[in-house]
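Trainee: The following block contains the structure, expressed as C-alpha cells.
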Amino acid sequence: MLTSAPADLKSRLASSYDSIADVYNKWALDNSSTRLSYLSKLLSHLCFGLHGRLSRPVRILDLGGGCGDPVTKSLLEHDANISIVLNDMSPAQISKARDMFHSDVAKGRLQLEEGDMTTLSFGSEEFDAIMGTYSLIHLPRDQQTLMLGLISGWLKPGGLVLATFLEEETTGMVMDKWMGDGGWMFWSSWGKERTLELVKGNGFEVLLEEVPNEGEVDARFLWVLGRKEE
C-alpha cells in the first residue's frame, strides 16, 4: 500500500521491530549471504597490512544494525583493530546486542546507541566506515537525503559508506503485518538514478553500485559502496 510517512513513524517502527525481533533475527541469519558478501567488499577497501590484518585501528558505525548478528559479530571476529558503534531504534534489539556482546561492550570495542539514526550526534570525521544495510530505506525520502549528509560529515576523508536502497522510486510503502501481526512497516526510495545523484552530491565517489538477484527477499535493492573524497 502506498502512503506518506505518519507523524509517529519512528515510534511505530521501533515498536514493530521490538515485536518481530526474534523472527527478524532468525530471518537475517538464515538469509545473510548477500549482506556478508557486500561487507566483504567493504573490508577489501580498508587499509590492511601484513598477513591481511588491519595496519591501524578502524572505527565503524552500523546504522540500524539490529542486534548485531551477523554484521557486527563478523566485524568483531574479523580483526581486533576494529571497534564499532552499533545503532538501532529498537530497544529489544539493543538489549539483545548487549547480552550477546557484553564482553566487547566491557572492553570498549562495541558502543551501543539506541534511537533514531537521524538524531545521532558524532564528531566530524570520526569514522573510517559507515554502514546502513536495509535500514535507511525505513526513513522518509527527505531524511535519507539528510542521512547521506550526516554520514559524509562523520566519515574521515577517504572513509567508506556501504548502504542499501530500493531500486524503484516510491514516496512511501506500508505493510501492516510484515513478519508477523506486530510488524507494521514503512519503506521509501528516491529510486536508483536519483539516489546515486545524491550519493555523489554528498561528496562520495561511487566504487560499486549493484542490484543483485537476492533470491531470499521479495524486492530489488540497490547496493552502493562509496568513498568520501579526500
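The values are calculated or read from the model by the stated rules, or taken from the named source; none is laboratory data. Here the structure is a predicted model, which is why all the values come from computation and not from measurement. Because the Cβ atoms are built from the backbone with ideal geometry, glycine has one as well, and the counts that use them run over all protein chains shown.
Trainee: Here is a list of conditions, (1) at positive phi; (2) surrounded by 16 or more Cβ atoms within 10 Å (Cβ to Cβ), and Met100 meets all of them except one; can you say which number that is?
Mentor: Failed condition: (1).
Trainee: Which residues, counting only those in the range 125-146, are closer than 15 Å to Val85 by Cβ and out of contact with any strand residue (DSSP E or B) (no Cβ under 6 Å at 6 or more places or on another chain)?
Mentor: Hits for the range 125-146 are Glu126, Ser135.
Trainee: Looking at Ser40, Ser44, Ser33, can you tell me which residue is closer than 26 Å to Leu207 by Cα, out of contact with any strand residue (DSSP E or B) (no Cβ under 8 Å at 6 or more places or on another chain), in contact (Cβ under 8 Å) with a residue 24 or more places away in the chain and small (Gly, Ala, Ser)?
Mentor: Ser33
Trainee: Within the range 1-22, how many residues turn out to be closer than 21 Å to Met100 by Cα, surrounded by 18 or more Cβ atoms within 10 Å (Cβ to Cβ) and either in contact with a Pro (Cβ under 6 Å, 6 or more places away or on another chain) or free of Cβ contacts under 8 Å to residues at least 60 places away in the same chain (or both)?
Mentor: Matching residues across the range 1-22 total 0.
Trainee: Of all residues in the range 209-230, which are assigned to a loop (DSSP other than H, G, I, E, B), free of Cβ contacts under 8 Å to residues at least 60 places away in the same chain and touching an Asp or Glu at 6+ places or on another chain (Cβ under 7 Å)?
Mentor: Residues satisfying the conditions are Val211, Arg220.
Trainee: For the range 191-209, give me each residue that is of a type in the set (Asp, Glu) and either within 17 Å of the chain's Cα centre (by Cα) or crowded, with 17+ Cβ neighbours inside 10 Å (or both).
Mentor: Across the range 191-209, the qualifying residue is only Glu209.
Trainee: Still on this structure: Which of the residues that make up the range 82-105 are hydroxyl-bearing (Ser, Thr, Tyr) and without any contact (Cβ under 8 Å) to a residue 12 or more places away in the chain?
Mentor: Ser95, Ser103
Matching residues to (1) among the β-branched types (Val, Ile, Thr); (2) buried (at least 19 other Cβ atoms within 10 Å of the Cβ); (3) touching a Pro at 6+ places or on another chain (Cβ under 6 Å); (4) part of a loop (DSSP other than H, G, I, E, B):
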{"site": "Lys156", "(1), (2), (3), (4)": "no, no, no, no"}
{"site": "Glu168", "(1), (2), (3), (4)": "no, no, no, yes"}
{"site": "Thr171", "(1), (2), (3), (4)": "yes, no, no, no"}
{"site": "Val174", "(1), (2), (3), (4)": "yes, no, no, no"}
{"site": "Gly180", "(1), (2), (3), (4)": "no, no, no, yes"}
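Trainee: Determine which member of the set Ser188, Ser152 is in contact with a Gly (Cβ under 6 Å, 6 or more places away or on another chain), modelled with pLDDT of 95 or more, surrounded by 17 or more Cβ atoms within 10 Å (Cβ to Cβ) and assigned to a helix (DSSP H, G or I).
Mentor: Within the list Ser188, Ser152, the selection yields Ser152.
Trainee: Separate question: Name the single residue, out of those in the range 109-148 being closer than 19 Å to Gly191 by Cβ and either among the small types (Gly, Ala, Ser) or at pLDDT below 95 (or both), that is farthest from the chain's Cα centre (by Cα).
Mentor: Checking each candidate, the answer is Ser135.
Trainee: Which of the residues that make up the range 79-94 are crowded, with 16+ Cβ neighbours inside 10 Å and either in contact with a Pro (Cβ under 6 Å, 6 or more places away or on another chain) or not acidic (Asp, Glu) (or both)?
Mentor: Asn81, Ile82, Ser83, Ile84, Val85, Leu86, Asn87, Met89, Ser90, Ala92, Gln93, Ile94
Trainee: For the range 26-77, enumerate the residues that are of a type in the set (S, T, N, Q), over 12 Å from the mean Cα position of the chain (by Cα), surrounded by 16 or more Cβ atoms within 10 Å (Cβ to Cβ) and within 23 Å of Ala92 (Cβ to Cβ).
Mentor: Listed by number, the residues that qualify are Ser32, Ser74.
Trainee: Follow-up. Which residues, taken from the range 191-208, are assigned to a loop (DSSP other than H, G, I, E, B) and without any contact (Cβ under 8 Å) to a residue 40 or more places away in the chain?
Mentor: If the condition is that a residue be assigned to a loop (DSSP other than H, G, I, E, B) and without any contact (Cβ under 8 Å) to a residue 40 or more places away in the chain, then Gly191 is the only one that fits.
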